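*Asks:* I'd like to ask some things about the structure below.
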Amino acid sequence: MKKPLISVVMAICDVESYLGDSIESILGQTFKDFEFIIVDFGSTDKSKTIAAGYAAKDARVKFHEIPPCALPVARNAGCFLAQGRYIAVMDADDVSSQNRLAWQAEYLESHPEVALLGGATQWFDARGKSLNIHHVPNTYAEIKAALVTRCPFWHPTVVMRTEAFASVGGYRAAFVCAHDYDLELRIAERFECANLKQVLLKYRVHPQQISMRRRREQSLCILAAQSSAMARRIGNPDPLNSLQAITIETLATLGVTPATLERLSVTECCQWIRNMSFAGEHSIALQSAMEILQSDRQYVEQWQIGDLYITIAFIYWKQRKVLKCISALGRAVAMRPKVIGRPLRPLLHWLGLA
């Protein structure tokens, strides 16, 4: 039997609300030479029924159930079943552009040196309203530079060469909340990577994404991935290669201080709050912002709290609470006086003064 060129892999768990749209976006691709592997890793809602229904109707869909586990373990289960030359990642709450696989297959077939390829995303909210387009670094040099401090890929847009994925050992289970970043770091060390300028995916922003608590865990995993990559860069063995879980104590052995962890955690949480407010989830965003303000902020920088008050002011403005908006702005200026110049920034740029 002829093997497909691309294996699309989707791991699902309790995602019934958006699953149908995501599956349809793959089955409706203009590119047809693919298999679609869906792995359920513990759903208690109708996700399994939905996925099994598509598998019964379309031979390209191959549905598998595995015991409850962490997301990187489920992704590995699907990826190591892949028969294609390429593995395309897909998440169950997003929608792929109709030409996504065609564009990526064409690029990878004509650029054999590139092992991992992503692209831009169009954000939209839980109600389907379009928000804005998020671009990413395109060239290998830009990506390598960005990887040192952040992830320059939207993982649900990624297509990777199956051989490259296998050669680095796939996802590492310990990096639960940053398994994509860790994988991309390891692939980029051995192979070239790129991002297309085209929008490959509609990325859904909704409250059921990684919560505030999980954002803190994500910060732990991000710092671990960066520390692990640093050790490899200077020629040392990977200190986390056989680790089963990442803890604060693990980071301490790598020289990561509690202050660094807390500051990154607040940065990640504030980004999530901004995303929620941008998507119209004002109540959730405000509640989460108040959690940060009421927490013990021993190591948080003053400018971080100033920026958080700017976001709170934006939320109050959207809620038509003018006095509270003004109060939040006042606190932002008190914490970080230079924010008062932000409205003038476009004018200063136009005048060539900034």
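*Asks:* Of the residues that sit in region 1-16 and are among the hydrophobic types (A, V, I, L, M, F, W, C) and assigned to a loop (DSSP other than H, G, I, E, B), which one is modelled with the highest pLDDT?
*Replies:* Going through the qualifying residues, I end up with Leu5.
*Asks:* On to the next question. Here are Thr157, Thr149, Thr139: which of them is of a type in the set (Val, Ile, Thr), surrounded by fewer than 16 Cβ atoms within 10 Å (Cβ to Cβ) and farther than 22 Å from Ala231 by Cβ?
*Replies:* Matching residue, one of Thr157, Thr149, Thr139: Thr139.
*Asks:* Checking the conditions here, which among Ala178, Ala188 is touching a helix residue (DSSP H, G or I) at 6+ places or on another chain (Cβ under 7 Å), in a helix (DSSP H, G or I) and modelled with pLDDT under 95?
*Replies:* Answer to the selection: Ala178.
*Asks:* When you scan region 239-331 for helices (runs of 4 or more DSSP H) that lie fully inside it, which ones turn up with 2 or more residues that are buried (at least 16 other Cβ atoms within 10 Å of the Cβ), out of contact with any Pro (no Cβ under 6 Å at 6 or more places or on another chain) and polar (S, T, N, Q)?
*Replies:* 258-278, 302-318
*Asks:* Return the pairs, sorted by first residue and then second, in which the second residue is at pLDDT below 95 and crowded, with 18+ Cβ neighbours inside 10 Å, the first residue lies in region 1-28 and is over 14 Å from Asp40 (Cβ atoms) and acidic (Asp, Glu), the beta carbons are less than 7 Å apart, and the residues are 6+ apart or on different chains.
*Replies:* That search, which allows pairs on different chains as well, returns Asp21/Val95.
*Asks:* May I pose another question? Cβ-Cβ distance below 6 Å, separation of 6 or more or different chains: which pairs start in region 38-57 with a residue that is in the same structural domain as Cys79 (by TED's automatic domain parsing) and closer than 12 Å to Ala74 by Cβ and end on one that is assigned to a helix (DSSP H, G or I) and among the basic types (Lys, Arg)?
*Replies:* That search, which allows pairs on different chains as well, returns Asp40/Lys48.
*Asks:* Next question. Could you list, ordered by first residue, the pairs with Cβ atoms under 9 Å in which the first is in region 278-299 and on the phi > 0 side of the Ramachandran plot and the second is modelled with pLDDT of 80 or more and surrounded by fewer than 19 Cβ atoms within 10 Å (Cβ to Cβ), at least 6 apart or interchain?
*Replies:* Between residues of region 278-299 that are on the phi > 0 side of the Ramachandran plot and residues that are modelled with pLDDT of 80 or more and surrounded by fewer than 19 Cβ atoms within 10 Å (Cβ to Cβ), the close pairs are Gly280/Lys318.
*Asks:* Somewhere in region 2-16, is a residue of a type in the set (D, E, K, R) and touching a strand residue (DSSP E or B) at 6+ places or on another chain (Cβ under 7 Å)?
*Replies:* no
*Asks:* Another question about this same structure. Could you check Tyr86 against (1) surrounded by fewer than 18 Cβ atoms within 10 Å (Cβ to Cβ); (2) more than 18 Å from Ile23 (Cβ to Cβ); (3) of a type outside the set (A, V, I, L, M, F, W, C) and say which number it fails?
*Replies:* Of (1) surrounded by fewer than 18 Cβ atoms within 10 Å (Cβ to Cβ); (2) more than 18 Å from Ile23 (Cβ to Cβ); (3) of a type outside the set (A, V, I, L, M, F, W, C), only one is false for Tyr86: (1).
The values are calculated or read from the model by the stated rules, or taken from the named source; none is laboratory data. The model shown is predicted, which means the values in this text are computed figures rather than measured ones. FYI the Cβ positions are ideal-geometry reconstructions off the backbone, even for glycines, and counts take in every protein chain you see.
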